[in-house]
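Here is the structure we will look at, set down as structure tokens.
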Amino acid sequence: MKNEIQTILKTSKTIAVVGASKNEKKDSYKVMKYLQLKGYKIFPINPYLSDKKILGETVYDKIEDIQNDIDIVNVFRPSDEVFTIAKQAIKKKAKTLWLQLDIISPESKLIVESEGINFIENKCTKIEHKKFLR
């Protein structure tokens, strides 16, 4: 798992953040800011903030609205919403579906891995990046 996470973070360039928040106290905001400072291109996703900006990036309604290729779909939404997000990640041909701390979805793991997409759950991208890449 350690090597897989390290490889994903090293080779990825673009990250769609599902459940992005403009609230600086929220984890999704802190993680987005950290990843952006580390050189990743961030695509915030939040239908309630569509077309607004977070950290200088345009907010998208859903994953499919992003024109660029996406390496990681980083999920900050409840576990019961993940299956729908997983199907969107497959459609977008994302390389990794990453569920943040306390987010678990065994049924999503099955469908994304069957499509050759990496699956990480219950791990924070910021914590893992600090551990392996700094």
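The values are calculated or read from the model by the stated rules, or taken from the named source; none is laboratory data. Because the structure is a prediction, the values reported are computed rather than measured. Every residue, glycine among them, receives a Cβ derived from its backbone with ideal geometry; neighbour counts consider all protein chains shown. Keep in mind that these areas ignore ligands, DNA and RNA; they rest on the heavy atoms of the full protein, side chains included. Shrake-Rupley method; radii C 1.70, N 1.55, O 1.52, S 1.80 Å.
Using the structure shown, decide if TYR40 is more than 23 Å from GLU128 (Cα to Cα) and buried (at least 19 other Cβ atoms within 10 Å of the Cβ). Break it down stepwise before answering.
Numbers: more than 23 Å from GLU128 (Cα to Cα): no; buried (at least 19 other Cβ atoms within 10 Å of the Cβ): yes.
Judged against the criteria, TYR40 is not a match.
Being over 19 Å from GLU81 (Cα atoms) and touching a residue at least 40 places away in the same chain (Cβ under 8 Å) is the filter here; which residues of region 32-63 pass it?
The answer is TYR34, LEU35, LYS38.
All but one of (1) open to solvent by less than 70 Å² (accessible area, probe 1.4 Å); (2) not in a helix (DSSP H, G or I) hold for ILE5; which doesn't?
(2)
Of the numbered conditions (1) open to solvent by less than 10 Å² (accessible area, probe 1.4 Å); (2) more than 18 Å from MET32 (Cβ to Cβ), THR125 fails exactly one; give the number of that condition.
Only one criterion in (1) open to solvent by less than 10 Å² (accessible area, probe 1.4 Å); (2) more than 18 Å from MET32 (Cβ to Cβ) is unmet by THR125, namely (2).
Kindly indicate whether ASN68 is open to solvent by less than 40 Å² (accessible area, probe 1.4 Å), polar (S, T, N, Q) and closer than 12 Å to ALA16 by Cα. Spell out how you get there, then give the answer.
Details: open to solvent by less than 40 Å² (accessible area, probe 1.4 Å): no; polar (S, T, N, Q): yes; closer than 12 Å to ALA16 by Cα: yes.
When the stated conditions are applied, ASN68 does not pass them.
Could you grab me the full set of residues in region 87-118 that are open to solvent by less than 50 Å² (accessible area, probe 1.4 Å) and not aliphatic (A, V, I, L, M)?
GLN88, LYS92, THR96, TRP98, GLN100, SER105, SER108
Under 6 Å between Cβ atoms, at least 6 apart or on separate chains: pull out the pairs that start in region 109-122 with a residue that is within 14 Å of ILE72 (Cα to Cα) and end on any residue that is part of a helix (DSSP H, G or I) and at pLDDT 95 or above.
Listed pairs, sorted by first residue: VAL112/ALA86; ASN118/ILE8; PHE119/LYS109; PHE119/VAL112; PHE119/GLU113.
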